[in-house]
Amino acid sequence: MWRDALLMAGKDLRIEARSRVAANQVAPFALIVLVLFGFALEPDRSFLTQAAPGLFWVAVLFCSLLAVQRSFAVESADSARDGLRLSGMDPAGIFLGKAGAVALELVGLEILLTFGIVVLYGTNLQGAALLLAAAATATIGLAVCGTVYGALAAGLRVRETLLPLLTLPVVAPVLLGATRAWEVALGQSADDGWRWVILLGVFAVIYLALGVLAFGALLEEA
Amino acid sequence: MAAAIRFRSAVALIGDFPVLAGVDLDVASGEIVLLRGPNGAGKTSLLRACAGLLPVSSGRAEVLGHDMVADRRSVRRQVGLLGHATSLYDDLTVEDNVRFAVRAAGGRRDTVTPSLERLGLAGRLGRVRVGQLSAGQRRRVALSILVARDPALWLLDEPHAGLDAAHRDVVDGLVQEAAARGKTVVFASHEQDRAVALTRRIVEMAGGHIIAAVEPTIGPASPPATISQPLPEPIHVA
């Protein structure tokens with residue numbers, strides 16, 4: 001399973017490195033979202049600073065949808081999915097590899113977006129341990145959940161519109177938990193931020209287990 | 001000789017439509033069998049059912065000793081399917097595609113380069129992205145994967161399609177060599193003269209049924225053709 005996961009992640013990351021879709025399209029999209037939030041909300045910097053955690057994670061959420069859609073689009077083109085099925089690879093390995101590649105792409109985008117909120121919204125980064133723990137668990141949660149629903153939608157003609165419809169309501173806990181944890185880390189709330197990290201961790205574990213168990217069936221049905 | 005494929009009253013559905021409507025077929029190990037019939041006869045569906053990509057919903061189906069009704073996944077690593085689509089990644093190079101497919105199927109890495117050379121894909125062409133290749137070149141990449149994997153059962157759907165004459169000869173050679181090594185080959189082709197010359201048994205299909213199994217009226221082809229010098233490769237820019 002782990003060998004297949006590494007092989008799959010390597011293949012997806014190599015495709016991304018060659019096509020540069022995340023670098024040339026998703027990253028600019030993420031920055032544009034941050035700028036548009038700035039325009040739409042008050043140009044008053046203190047308000048943007050307060051709203052930065054939520055805006056950051058909404059932008060990450062949108063980017064995760066694009067990354068997942070791209071991850072499955074390459075398997076739909078030219079029936080590459082048939083090749084995967086015929087390879088006899090462990091479906092759990094395929095799932096972990098695809099989710100891992102999406103997660104790594106999201107990490108890159110989150111680093112870029114972090115610079116974005118510092119520069120555009122004047123966010124003062126602090127509470128590094130909580131920030132990183134929340135980001136890590138939320139990223140894994142978004143990647144594994146997105147990969148499960150990406151596989152579910154992959155075989156359908158309306159997959160482009162169906163994926164956000166399926167995914168966005170389900171990942172609401174990730175948006176909530178990551179935003180609250182970051183608010184605490186950035187000193188905007190006196191709540192216990194680690195409780196939110198635990199929620200994010202539980203979400204990630206549930207979808208990780210679901211993906212490992214169900215991905216084979218999803219791949220067959222797609 | 002042991003049966004590589006044994007279907008009895010096998011039915012496969014796409015939605016409610018029976019694309020295989022009670023197929024009875026026996027193919028022995030090492031045999032080359034041509035599936036022939038009009039469009040929609042069920043040739044592609046039969047090949048996909050043999051590969052475990054199309055579920056057999058009733059009847060009996062065994063491929064390489066695996067019960068395809070109970071578990072159609074376990075046989076896949078022993079089967080190679082060249083379908084209408086080539087199952088390649090446009091953004092990866094020719095070499096990357098072949099290497100990934102071989103490693104994914106648990107094959108040996110040292111088979112990659114010889115297979116690329118056999119299909120005239122080594123060198124500069126091997127470093128070209130598949131998305132920049134012509135349809136015929138893509139087909140050769142898919143064939144190269146099949147050669148590198150060297151599965152026990154070769155399932156070929158229109159293997160000559162899109163290829164020039166020289167590479168059609170190479171395909172014929174590969175099929176004959178595979179059979180000589182004890183591999184089983186089942187293929188569908190509208191290239192009647194070539195296809196009939198390759199096989200000793202023709203299975204006629206219509207409407208999801210096998211309607212006849214006949215022997216070809218002309219003998220097998222002359223010894224396998226190979227290309228000793230790779231052809232100059234114009235790179236088609238899509």
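The values are calculated or read from the model by the stated rules, or taken from the named source; none is laboratory data. This one's a predicted model, so the numbers in the text were calculated from it and none came from an experiment. When we count neighbours, we look across all protein chains shown, and the Cβ atoms used for this are built from the backbone with ideal geometry, even at glycine. Quick note on the areas: whole protein, heavy atoms, side chains included, nothing else; ligands and nucleic acids left out. Shrake-Rupley method; radii C 1.70, N 1.55, O 1.52, S 1.80 Å.
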Inspect region B:16-26 for any residue being modelled with pLDDT of 85 or more, within 14 Å of chain A (Cβ to nearest Cβ) and open to solvent by 20 Å² or more (accessible area, probe 1.4 Å) and give the result as yes or no.
-> no
Complete set of residues in region B:31-44 that are assigned to a loop (DSSP other than H, G, I, E, B) and surrounded by fewer than 23 Cβ atoms within 10 Å (Cβ to Cβ) | B:Glu31, B:Gly37, B:Pro38, B:Asn39, B:Gly40, B:Ala41
Give the residue that is most open to solvent (accessible area, probe 1.4 Å), with candidates limited to residues of region B:45-82 that are within 9 Å of chain A (Cβ to nearest Cβ) and assigned to a helix (DSSP H, G or I).
-> B:Arg77
Could you give me the residue pairs with C-beta distances under 7 Å whose first residue belongs to region A:1-25 and is under 20 Å from B:Arg77 (Cα atoms), whose second residue is surrounded by 15 or more Cβ atoms within 10 Å (Cβ to Cβ) and among the charged types (D, E, K, R) wherever it lies, and which are 6+ apart or on separate chains?
-> A:Met1/A:Asp90; A:Asp4/A:Asp90; A:Leu7/B:Arg103; A:Met8/A:Lys98
If you go through region B:83-107 one residue at a time, how many are within 7 Å of another protein chain (Cβ to nearest Cβ) and either under 20 Å from A:Ser71 (Cα atoms) or part of a helix (DSSP H, G or I) (or both)?
-> 13
Scanning region A:92-115 residue by residue, those touching a Leu at 6+ places or on another chain (Cβ under 7 Å) and either under 16 Å from A:Ser71 (Cα atoms) or modelled with pLDDT under 90 (or both) turn out to be A:Ile94, A:Gly97, A:Ala101, A:Leu104, A:Leu106
When restricted to A:Ser64, A:Ser19, the only residue among the small types (Gly, Ala, Ser) and within 14 Å of chain B (Cβ to nearest Cβ) is A:Ser19
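Residues B:Leu143, B:Leu133, B:Leu125: which one is of a type outside the set (Lys, Arg), more than 30 Å from B:Gly59 (Cβ to Cβ) and either away from chain A (no Cβ under 14 Å) or open to solvent by 30 Å² or more (accessible area, probe 1.4 Å) (or both)? It would help to see each step written out before you state the result.
Working: B:Leu143 fails: either away from chain A (no Cβ under 14 Å) or open to solvent by 30 Å² or more (accessible area, probe 1.4 Å) (or both); B:Leu133 fails: either away from chain A (no Cβ under 14 Å) or open to solvent by 30 Å² or more (accessible area, probe 1.4 Å) (or both).
Of the residues listed, the single one that is of a type outside the set (Lys, Arg), more than 30 Å from B:Gly59 (Cβ to Cβ) and either away from chain A (no Cβ under 14 Å) or open to solvent by 30 Å² or more (accessible area, probe 1.4 Å) (or both) is B:Leu125.
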Is it the case that some residue within region A:137-144 is open to solvent by 20 Å² or more (accessible area, probe 1.4 Å), of a type outside the set (D, E, K, R), part of a helix (DSSP H, G or I) and at pLDDT 95 or above?
-> yes
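For region A:70-83, give me the residue count where each residue is more than 7 Å from chain B (Cβ to nearest Cβ) and of a type outside the set (Phe, Trp, Tyr).
Keep residues of region A:70-83 that are more than 7 Å from chain B (Cβ to nearest Cβ), which gives A:70-73, A:75-76, A:81.
When the remaining residues are screened for being of a type outside the set (Phe, Trp, Tyr), the result is A:70-71, A:73, A:75-76, A:81.
Result for region A:70-83: 6.
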Can you find a residue in region A:49-57 that is in contact with a helix residue (DSSP H, G or I) (Cβ under 9 Å, 6 or more places away or on another chain), modelled with pLDDT under 90 and more than 25 Å from A:Pro173 (Cβ to Cβ)?
-> no
Somewhere in region A:44-62, is a residue in contact with a Leu (Cβ under 8 Å, 6 or more places away or on another chain) and over 23 Å from A:Gln126 (Cα atoms)?
-> no
